[in-house]
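Worksheet for the structure shown next.
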């Protein structure tokens, strides 16, 4: 889908995204529907099928199906919370701050998935609820209940800054721990000089 979008933009120009295609709908609307549809109806079922198949073949890294499905809990809850925020935001947060909101979504999902990957690499069980799901749930509740009012955008900015700082901190700490464990310098494969 994305390759097709790039080719269409290259062939026709960016104007194709700014004019209604059919019945007043823009081509961007169709693109969003296709991306969400492919994710929901292809990627997610394929993930569940792969977990089921690995459970039957006994090739799961962990023994139980519960432990196989455990890494999906935090991303699923994150998706639900963010979707609720977008649909029920009285301030229409996605329209007012699309870049900031999508930045926060990307960083939040990246942090959750990075932690899942590290847990898989180290053969440890991931946490059931990622730590920032709790403050996010409070922010979403305050936003959709109208408690934030005009402060919704400010709270989004503060929450985005905190999530970004936490993600950078996590990346730096993982990098330092790996370089220490492997006895190498960060961004280099040369061994450290033993003192």
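Read the figures in this text as sums done on the coordinates, not as results from a lab. Since this is a predicted model, take the numbers as computed values, not measurements. Every residue, glycine as well, gets a Cβ built from its backbone with ideal geometry; the counts of neighbours run over all protein chains shown.
Centroid-to-centroid, using Cα positions, segment 106-178 and segment 1-70 are 23 Å apart.
Taken over segment 120-195, the convex hull of the Cα atoms encloses 119 Å³ per residue.
Neighbouring Cβ atoms within 10 Å as the yardstick, rank 130, 169 fewest first. Provide the component values of the computation, followed by the final result.
Working: 130 19, 169 11.
Starting with the residue having the fewest Cβ neighbours, the order is 169, 130.
Maximal additional length on extending the residue 2-residue 80 stretch stands at 25.6 nm, based on 0.36 nm per residue less the C-alpha distance.
Using a cutoff of 8 angstrom between alpha carbon atoms and counting only pairs six or more residues apart, the relative contact order for the chain works out to 17 percent.
Restricting the calculation to Cα atoms, segment 1-87 yields a radius of gyration followed by a Dmax of 18.7, 53 Å. Kindly express, to the nearest 10 degrees and within the range 0 to 90, the angle between helix 98-121's C-alpha long axis and the longest C-alpha principal axis of the chain. Tilt of helix 98-121: around 30 degrees. Calculated FRET efficiency, residue 147 and residue 47, Cβ-Cβ r, R0 45 Å, to nearest 0.05? It comes out at approximately 0.80. Using a Gaussian network model of the chain with C-alpha springs under 10 Å, which one of 170, 66, 141 is most mobile by mean-square fluctuation? Highest fluctuation among the options: 66. Counting only DSSP H runs of at least 4 residues, each contributing -39500 (n - 2.57), and dividing by the residue count of the chain, the helix-based mean residue ellipticity at 222 nm comes to -21500 deg cm²/dmol. Helix 27-38 and the longest principal axis of the Cα set of the chain meet at an angle near 40°.
Rounded to the nearest 10 degrees, the inclination of helix 152-182 to the longest alpha-carbon principal axis of the chain is 30 degrees.
Among 15, 152, 180, the order by Cβ neighbours within 10 angstrom, fewest to most, reads 15, 180, 152.
Using a Förster distance of 25 Å, how high is the FRET efficiency between residue 35 and residue 190, based on the Cβ-Cβ distance and rounded to 0.05? Please report the intermediate quantities before stating the final value.
Numbers: r = 42 Å, r/R0 = 1.68.
E between residue 35 and residue 190, to the nearest 0.05, is 0.05.
Given in Å, the Rg to one decimal and the Dmax to the nearest whole number for the Cα atoms of segment 61-195 are 18.2, 61.
Put in line by how crowded their Cβ is, counting other Cβ atoms within 10 Å and starting with the fewest, 84, 105, 158 read 158, 84, 105.
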